[in-house]
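The values are calculated or read from the model by the stated rules, or taken from the named source; none is laboratory data. All figures in this text were calculated on a predicted structure; none of them were measured in a lab. Using ideal geometry, Cβ is built from the backbone for each residue, glycine included, and neighbour counts are taken over all protein chains shown. Areas reflect the complete protein model, heavy atoms only, side chains present, ligands, DNA and RNA absent. Shrake-Rupley method; radii C 1.70, N 1.55, O 1.52, S 1.80 Å.
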Amino acid sequence: MENTTAPCAASRSISTSPGPLRSAGAGSRVEAFVIIGVITILVTRAYLKATGYPQVGGTTLHIAHVLWGGLAMVAALVVAFSFLGDRPRTAAVVIAGVGFGLFLDEVGKFVTKTNDYFYQPAIAIMYVVVVALLLINRAVHDLRPQTPAEDLVNAAGEVAVGLVHGLSPMRRAQVRRQLHRAALAGLDPGTVADVTQLLGRCQPRRAGRFAGLDVRVRNRLSVGFDGPRATWVAALVLAAFSTAGVVSAAVTLSDDLNSGTGTDVTTIGQLCGSAAAFTLCWVAIAWLRTGRIWPVRALRAAALVTMLLTEVFDFVAEEFGALVNVAVGLVVLVVFSRRIAVLELADTSDGAPDAARRESVAAPSR
């Protein structure tokens, strides 16, 4: 029998009104929903451009794809409301993501009096919506850890489905950790024991065909993204991009002033964002060899400034041409975030010498 309970000096009963309970996997599902939406926008725009922007509905009607997007999101809600388990939930995420992309793609029609699908700032509006969703999602799930009640409820939900469909080894290990945390927090031992007993009755489910591939990809990403070499490469790439952004915005601003056309708020925004990232990058690079963690945090702040400020104005000026900058910003942000996690873990590990930590962040010797 599974045994994840731990002795406690005093047990706590489960509150009958603990407030909203968060799903353990909701953060990843929301991110997948947003990514699918962005891919749908790109595919839709590419298809419409390749086919000459056809219209559905004949000479009198125009059935905009925003309607299909709304229909898809309704279908996703119906699936989520009607079925239990991972597969219906995954299907709902995919359907809703496609619908969200079709809906958001036509935002230009709904913010202009002329229903202008090609309204240039529409791309920037889409970008702001996507970034806002991702930030809200991270705030909901990252600002505070899962509570013991949430651990227990999520574990019970997984076990309930597992009694019928079985549990994969990864999912079973996740449930054990949740029950263990709930027990350590002093939650009602009888309830934890009941869920633990049900977990022992769940049949094993064979891992998916891509489970091994997932592990190999994660290991390769860890090797490639977590080391000091990747941090230095990402820092230099971001510094080069921010330097080019400052130069480009300054030249454009100078040309506008010399021509007498006045300053453009887009150019000013690009200049301010690029200048902030430029300063953070080069200060961080100057101190990166010291082995302290704050230079890496400064680099992550520079990446965030680039993603949350500079790229908004880039999308206004360049529309989809700014996607390259976004891709670079996302990659370097992942590198810095993973490196910070490694260094924080090293700082909290027992007996980790300061010299070793300094050496781990310094540039690799040739």
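Among rounded, prolate and oblate, which fits the stretch 262-334 when a ≥ b ≥ c are the square roots of the eigenvalues of its C-alpha gyration tensor, a/c under 1.5 means rounded, and a/b larger than b/c means prolate?
oblate
Mind listing the long-range amide H neighbours of Leu167? Cut-off is under 5 Å, sequence gap 5 or more, other chains count too, H placed in the peptide plane at 1.01 Å from N.
Long-range HN contacts for Leu167: Gln203, Arg205.
Using 1/(1 + (r/R0)^6) with R0 = 30 angstrom and r between the beta carbons of Leu133 and Thr60, what's the FRET efficiency to the nearest 0.05?
After rounding, the FRET efficiency stands at 0.25.
Taking H as built 1.01 Å from N, whose amide H comes closer than 5 Å to the amide H of Leu187, not counting residues under 5 places away?
Excluding prolines and chain starts, which carry no amide H, the hits are Arg12.
If you count only protein heavy atoms and use a 1.4 Å probe, how large is the accessible surface of Phe313, to the nearest 10 Å²?
Ignoring ligands and nucleic acids, Phe313 comes out at about 50 Å².
What distance in nm separates the two pseudo spin-label positions at Trp68 and His165, each 7 Å out from Cα along the beta-carbon direction?
If labels sit at Trp68 and His165, their model points lie 2.8 nm apart.
By average Cβ neighbour count within 10 Å, what is the ranking of 68-80, 300-312, 132-144 from highest down?
300-312, 68-80, 132-144
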